[in-house]
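Structure, as structure tokens:
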Amino acid sequence: LCRGSHLLVKRQSFDQNELRILPEGPQHKPVGKNFLLTCKANVKNPELVRDLKWIYTEEKPGDAAIMLFIKHLREEESGLYTCEGIYANNEKMTAQVQISTYIGITWDDAPEEQNAVIYTDYKIRCVVRASPTATIDWLKESLIISTEHGNGPTREWRVARKARPSSQGA
């Protein structure tokens with residue numbers, strides 16, 4: 001029996017000194033949650049990095065990196081965020097990340113039980129908030145009876161009909 005193993009060594013390339021924002025790429029985050037970004041220098045000699053800046057930052061000891069912590073992210077905090085620093089006293093480095101926010105569907109007024117009087121018109125309340133706007137499917141006994149599209153972050157949908165004995169159901 002002969003066994004072997006492979007050891008993969010990842011070599012960090014310093015062809016170009018740069019700042020990297022982690023996690024990478026545009027960030028789409030829910031409103032009200034905490035959020036952390038790290039701006040890290042990808043350089044051969046991290047000790048030569050200085051003036052690494054970001055608003056509301058905490059320094060990460062022992063590393064040429066800086067963190068941005070946003071507590072309870074608000075919708076108005078969407079935008080382009082920039083991190084910058086200087087390497088070896090003369091090379092300015094900059095990195096940017098786009099942060100967008102969303103509000104998940106929030107049921108502001110949608111009672112699970114709503115009662116109608118038989119043979120009268122009735123309205124079912126469903127007030128939701130979402131950004132981007134939500135599409136609401138009305139279902140009766142698991143079948144879609146109507147689909148409505150919102151036109152703003154807060155929307156009230158109502159279905160009005162004459163109540164019949166057959167109207168009962170979820």
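The values are calculated or read from the model by the stated rules, or taken from the named source; none is laboratory data. For clarity, every value in this text was computed on a predicted model and none was experimentally measured. Counting neighbours? That spans all protein chains shown, and the Cβs are built from the backbone with ideal geometry, glycine included. We work out accessible area using only protein heavy atoms, side chains counted, and drop any ligands, DNA or RNA first. Shrake-Rupley method; radii C 1.70, N 1.55, O 1.52, S 1.80 Å.
Computing the accessible area with a 1.4 Å probe over protein heavy atoms, can you report the carbon and sulfur percentage for the range 18-103?
50 percent
Any idea of the accessible area per residue across the range 74-150, 1.4 Å probe, to the nearest Å²?
67 Å²
Looking at the range 76-139, which chymotrypsin sites (Phe, Trp or Tyr not before Pro) are in a loop (DSSP not H, G, I, E or B) and have at most 11 other Cβ atoms within 10 Å?
Sparse-neighbourhood loop chymotrypsin sites (Phe, Trp or Tyr not before Pro): TYR119.
Run the numbers for ASN115 and GLU91: contour at 0.36 nm per residue of separation, minus the present Cα-Cα distance, in nm.
1.7 nm
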